[in-house]
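Trainee: Here it is, the structure, as structure tokens.
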Amino acid sequence: MDTKDLELKLCSDDPIYVAGVPIYPIPIRRIAQIGYMRFNSELRLLCLTEDDIKVLTGDDASDVGVYTYLVASAVRDAELMNALIFWLSEITHCKVLFSQRKIAFVTRSFEINKDNFSAIQSVIRQRNGLQGVEEEEDNPENEAARRVLQRRKEERLKRRKAKSLDDDESAITLSDLVSILASGFGMTLQEVMGYDLYQFNDQFNRLKIMDDYEVSVQALLHGAKKEDINFTHWLTKIKHSPED
């Protein structure tokens, strides 16, 4: 799917179809009902990459691929299998079952298997704020560059894992961010709770750009030099970059 087409579809509440599989948004309201901690941990399992698996478990899944690795793990772990089935059902709005004969997650209308899982997984990540548009540097031209980028990814994942274990009560939570966005745009909390995390991040980033723009304008009015200010108009493209 063309990137521009996908970005526009991500702004809507309609399902995005990948290989005939509908991928619906999960609004923050629904995340609150299920539980944010459950969403954050279990959906990340569904969205694991080979790099994630390497960092989190030490296993090299490059030979078998993420789908085969996840399915093999889930067959041995009923809790993991139930989590995968729950989230695939939640995302597709269909009753999903696992077929050991087909080695696929099946419904009456479609199946999710080794052949289409990667494409489906990519849209799930983006729709749920787990990954931005791929950066150009993710396609290094030589082996040396590839190794450097691999180390950077591993360090980023380690920082993310460490951050998830931090129970600092002073940290800003998703509920805080919902309140901030509602106040910033003059919306009700219920309106913001209707966003999925892609839409929420998009609007929150726009709010930050607008705030930075206003601060820059005020600084100029009070005598600051333009070359000393990162002056970006709020009518600019938002870069949806991967998480740090």
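Trainee: Using the structure shown, decide if residue 37 is under 16 Å from residue 197 (Cβ atoms) and at pLDDT below 95. Write out each step before concluding.
Mentor: Details: under 16 Å from residue 197 (Cβ atoms): yes; at pLDDT below 95: yes.
Answer is yes for this residue.
Trainee: Determine which member of the set 89, 109, 118 is over 25 Å from residue 175 (Cα atoms), open to solvent by less than 60 Å² (accessible area, probe 1.4 Å) and of a type in the set (Ser, Thr, Tyr). Show your work before the answer.
Mentor: Details: 109 fails: open to solvent by less than 60 Å² (accessible area, probe 1.4 Å); 118 fails: open to solvent by less than 60 Å² (accessible area, probe 1.4 Å).
Every option except 89 fails the conditions.
Trainee: Scanning the range 1-12 for residues that are part of a loop (DSSP other than H, G, I, E, B) and open to solvent by 80 Å² or more (accessible area, probe 1.4 Å), which turns out nearest to residue 109 (Cα to Cα)?
Mentor: So the first thing to find is which residues in the range 1-12 are part of a loop (DSSP other than H, G, I, E, B), and the list is 1-2, 11-12.
Then keep just the ones that are open to solvent by 80 Å² or more (accessible area, probe 1.4 Å); that gives 1-2.
Working: 1: 21, 2: 25 Å.
Within the range 1-12, the match that is nearest to residue 109 (Cα to Cα) is 1.
Trainee: Cβ-Cβ distance below 7 Å, separation of 6 or more or different chains: which pairs start in the range 71-90 with a residue that is of a type in the set (S, T, N, Q) and end on one that is in a helix (DSSP H, G or I)?
Mentor: Pairs that qualify, where the first residue is of a type in the set (S, T, N, Q) and the partner is in a helix (DSSP H, G or I), are 73/80.
Trainee: When the range 71-86 is examined, which residues are found to be exposed (fewer than 14 other Cβ atoms within 10 Å of the Cβ) and either among the small types (Gly, Ala, Ser) or assigned to a loop (DSSP other than H, G, I, E, B) (or both)? Talk me through it step by step, then tell me what you get.
Mentor: Our first condition is that a residue be exposed (fewer than 14 other Cβ atoms within 10 Å of the Cβ); within the range 71-86, this holds for 72, 75-79, 82.
Correct list: 72, 77, 78.
Trainee: Moving on. What's the total number of residues in the range 194-203 that are assigned to a helix (DSSP H, G or I) and either β-branched (Val, Ile, Thr) or open to solvent by 40 Å² or more (accessible area, probe 1.4 Å) (or both)? Spell out the reasoning first.
Mentor: Within the range 194-203, the subset assigned to a helix (DSSP H, G or I) is 197-203.
Those left that are additionally either β-branched (Val, Ile, Thr) or open to solvent by 40 Å² or more (accessible area, probe 1.4 Å) (or both): 201, 203.
The total comes to 2.
Trainee: Limited to the range 13-40, what total is found for residues that are surrounded by fewer than 13 Cβ atoms within 10 Å (Cβ to Cβ) and either in contact (Cβ under 8 Å) with a residue 12 or more places away in the chain or touching a strand residue (DSSP E or B) at 6+ places or on another chain (Cβ under 7 Å) (or both)?
Mentor: Final tally of qualifying residues: 2.
The values are calculated or read from the model by the stated rules, or taken from the named source; none is laboratory data. As the structure is a prediction and not an experimental result, all values here were calculated from the model. Here Cβ is always computed from backbone atoms with ideal geometry, including for glycine, and neighbour counts include all displayed protein chains. These accessible areas exclude ligands, DNA and RNA; they are computed on the full protein's heavy atoms, side chains included. Shrake-Rupley method; radii C 1.70, N 1.55, O 1.52, S 1.80 Å.
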